[in-house]
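Q: Below is a structure I'd like to ask you about.
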Amino acid sequence: MARSTDPLALLSRSLDQTSALIASVTDDQLSLPTPCRSWTVAELVDHLIQDLPHFTERANGGTPARSEPRKDAGAGRPEAFRDGAAELVSAWRRAGDLTGTIEIPGMGELPAGFPVDQQLTEFAVHAWDLAKALGRPTSLDSQVGESALEWARGALRPEFRGEEGGPKVFGPEVPVRPDAPVYDRLAGFFGRDPGTA
């Protein structure tokens, strides 16, 4: 599938579909489990809201700290996510040219667009998590899904994987049929079981 010439357009679309899912969550769904490391819907959404200022700091050229505990965003979750998403895209627009390379601590020299691809992938995977948890269709924006999967295949190394509850961020890859929908393949690559093996 042809990739958008503007990586920020894909990031915006990834954020938009996540935002729509968050806005659709009802109070009785907040305690539902998700496919994401034993988080409830509320905990997953709070995680995504907390990611936004970290990602914005990265877009502004900083190095975000990740030490603070996750906060409960309460009833303002949809607005908090929407506002944070707008700030993130604006920060990347101000950053200008995404060609060339950048230095990322602990990772060395990478393409300048690497953090944008990482961020759109984060929100694409968690959009699938939310859709699955809420019983919604997981046939989300296919170009975003293809872009996320392409980036993940090049960036997610085996040493980043481990069993749930351990120190690793990502679980072992779950086998998924090669003809399965792209978001099921993306979910399987990130250690979720979409039930399409």
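Computed from the coordinates by the stated procedures, all read-outs in this text should not be read as laboratory data. As the structure is a prediction and not an experimental result, all values here were calculated from the model. All Cβ positions, even for glycine, are placed from backbone atoms using ideal geometry, and neighbour counts span all protein chains on display.
Q: Any idea what Rg and Dmax come out to for the stretch 7-189 if you just take the C-alpha atoms, in Å?
A: Radius of gyration, then largest Cα-Cα span, for the stretch 7-189: 15.9, 47 Å.
Q: Ok, one more. How would you rank 179-185, 121-127, highest first, on the average number of other Cβ atoms within 10 Å across their residues? Walk me through the numbers before you get to the answer.
A: Values: 179-185: 19.4, 121-127: 26.0.
Per-residue mean Cβ counts within 10 Å order the peptides as 121-127, 179-185.
Q: Separation between the Lys71 and Glu109 pseudo-spin-labels, each 7 Å from Cα along Cα→Cβ, expressed in nm?
A: The answer from the label model is 3.9 nm.
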